[in-house]
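Peer 1: Attaching a single structure in structure tokens format; questions to follow.
The values are calculated or read from the model by the stated rules, or taken from the named source; none is laboratory data. As the structure is a prediction and not an experimental result, all values here were calculated from the model. We place every Cβ from the backbone using ideal geometry, glycine too, and count neighbours over all the protein chains shown.
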């Protein structure tokens with residue numbers, strides 16, 4: 001199935017917003033590796049850079065096209081993936097320890113799980129790092145916006161700004177502060193949530209291989225002849 005012209009006309013040049021209400025970019029087009037695959041959306045960002053995201057990450061809300069950039073949702077998905085895999089590892093170890101699965105099957109399955117867990121752990125560290133960097137940047141942005149609020153109020157008080165202009169600026173600054181504070185709260189919550197997900201010591205290595213009970217040593221009975 002080819003991409004229909006009317007579909008392209010519907011979305012190309014549409015403005016995308018992020019989860020916090022800011023302009024994320026403008027849609028340039030999209031592509032698909034195969035007819036049944038999820039299309040990849042090409043996006044021109046306000047800085048002039050070009051990025052992409054799966055079309056499944058984009059939704060329409062109140063007439064706006066929103067790309068999912070929520071820190072909370074990213075953290076929730078990743079945390080769920082890690083905890084789910086840890087539960088699988090724990091169950092696998094329990095089955096092996098009670099002789100319910102053979103060693104070859106255990107080793108193969110555990111190796112696959114550990115490879116996946118390593119990739120998830122790398123994503124965890126990377127997301128935590130990005131959240132920390134973003135939180136620091138937003139803290140600076142909040143301080144700057146608060147300074148601008150104070151400056152606009154001062155200029156209004158000094159009659160440098162007319163009432164209507166002052167109200168327009170105040171509304172814009174208020175919206176900017178709301179977006180920055182909301183995202184910072186989610187970024188901070190993401191750092192805390194991911195920090196709670198750690199590998200328990202007992203899941204970092206496989207259990208001791210089960211051993212069959214060794215046969216009891218023979219009991220030697222020495223009978224000494226009594227002297228007559």
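Peer 1: Write out, first by first residue and then by second, each pair whose Cβ atoms fall under 7 Å of each other, whose residues are 6+ apart or on separate chains, and whose first residue, in region 7-32, is in the same structural domain as residue 54 (by TED's automatic domain parsing) and on the phi > 0 side of the Ramachandran plot while the second is part of a strand (DSSP E or B) and modelled with pLDDT of 90 or more.
Peer 2: Matching pairs, first to second residue: 13/26; 13/27; 25/16; 25/43; 25/44; 29/42.
Peer 1: For residue 217, are the conditions met, namely being over 29 Å from the mean Cα position of the chain (by Cα), modelled with pLDDT under 95 and surrounded by 10 or more Cβ atoms within 10 Å (Cβ to Cβ)?
Peer 2: It is false that residue 217 is over 29 Å from the mean Cα position of the chain (by Cα), modelled with pLDDT under 95 and surrounded by 10 or more Cβ atoms within 10 Å (Cβ to Cβ).
Peer 1: Name the residues in region 78-106 that are free of Cβ contacts under 8 Å to residues at least 60 places away in the same chain and either surrounded by 13 or more Cβ atoms within 10 Å (Cβ to Cβ) or over 26 Å from the mean Cα position of the chain (by Cα) (or both), would you?
Peer 2: Within region 78-106, 81, 85, 88, 92, 94, 95, 100, 101, 102, 104, 105 qualify.
Peer 1: Another one. What tally of residues in region 30-78 results from selecting those that are farther than 25 Å from residue 119 by Cβ and in contact with a helix residue (DSSP H, G or I) (Cβ under 7 Å, 6 or more places away or on another chain)?
Peer 2: So the count comes out to 1.
Peer 1: Turning to a different aspect of this structure: Looking at the structure I just gave you, is residue 173 modelled with pLDDT of 95 or more, over 37 Å from the mean Cα position of the chain (by Cα) and part of a helix (DSSP H, G or I)?
Peer 2: For residue 173, the condition - modelled with pLDDT of 95 or more, over 37 Å from the mean Cα position of the chain (by Cα) and part of a helix (DSSP H, G or I) - is not met.
Peer 1: Could I ask something else about it? Is it the case that some residue within region 87-100 is in the same structural domain as residue 182 (by TED's automatic domain parsing), on the phi > 0 side of the Ramachandran plot and modelled with pLDDT under 95?
Peer 2: Among the residues of region 87-100, at least one is in the same structural domain as residue 182 (by TED's automatic domain parsing), on the phi > 0 side of the Ramachandran plot and modelled with pLDDT under 95, which makes the answer yes.
Peer 1: Which one is modelled with the lowest pLDDT, of the residues in region 34-62 that are surrounded by 12 or more Cβ atoms within 10 Å (Cβ to Cβ) and part of a loop (DSSP other than H, G, I, E, B)?
Peer 2: It comes out as 38.
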